[in-house]
Amino acid sequence: MKNLQHLIVLVIMILFSLGCNKNEEPRVMMQQYVVFSVSQIDPLLLKDASDIECPLDADGNLKIPTVAEVVINDTTYYPSTYYLNDKLYTQAIKLALPEGSATSYNISWFALLESIGGDIIMATPLSGSYYADYVTSVVDFDINVSPFEKTEVQVDVLCYLTEACQLFGFSKQAKGQYSTARSNPYITPKP
């Protein structure tokens, strides 16, 4: 009986010591959703913007973007687009928040496409380009993403025709998948 009591006490001590030596669980990276709210600047409302034309489909209707191409901190995302109350939005992009604190991200490219790898329908001009004065924010720009706060980023776009690529700040016509001005030889800032 005494041996049984010693055994019970020993088991309790072992369980207690194991409970005190808990391994710290790895931290889970917090993520936050970012949505882009897109404003198309109407070229008819702009003074001296008669050279901005919108791409049309075979029936003469304005092309409708189905996906955005967004480069955030040199990573390309392709969120789908949708209209809500006549306003164009992208689906949410999930961004990591290291240490669960507010984080700054750089947006270096924003365009609306027919499809992934398809033609650009609308784009945000690069800083220093001819069309930069027509929008409130040009690429590239920074955003701050905070934990537990909805992040909606307002982005202005202009209709895009490849003939006007240099007016957007692109050095020559870009085709297929697009990337940041720094890493794609087809899209470079104007000097």
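The values are calculated or read from the model by the stated rules, or taken from the named source; none is laboratory data. Every value quoted in this text rests on a predicted model; they were computed, and no experiment measured them. FYI the Cβ positions are ideal-geometry reconstructions off the backbone, even for glycines, and counts take in every protein chain you see. Accessible surface areas use protein heavy atoms only, side chains included; no ligands, DNA or RNA. Shrake-Rupley method; radii C 1.70, N 1.55, O 1.52, S 1.80 Å.
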Is it the case that some residue within segment 73-88 is open to solvent by less than 30 Å² (accessible area, probe 1.4 Å), at negative phi and of a type in the set (S, T, N, Q)? yes
Leading residue by the ranking (nearest to LEU56 (Cα to Cα)) among those in segment 107-166 that are acidic (Asp, Glu) and outside any loop (DSSP other than H, G, I, E, B): GLU163
Filter result (open to solvent by 70 Å² or more (accessible area, probe 1.4 Å) and at pLDDT below 90) within segment 137-168: ASP140, PHE148, GLU149, LYS150, GLU163, GLN166
Hey, can you tell me all the residues within segment 141-169 that are under 23 Å from VAL35 (Cα atoms), over 12 Å from the mean Cα position of the chain (by Cα) and of a type in the set (D, E, K, R)? GLU149, LYS150, ASP156
Spot the failing condition for GLY128; the list is (1) closer than 20 Å to VAL71 by Cβ; (2) open to solvent by less than 10 Å² (accessible area, probe 1.4 Å), and only one is missed. (2)
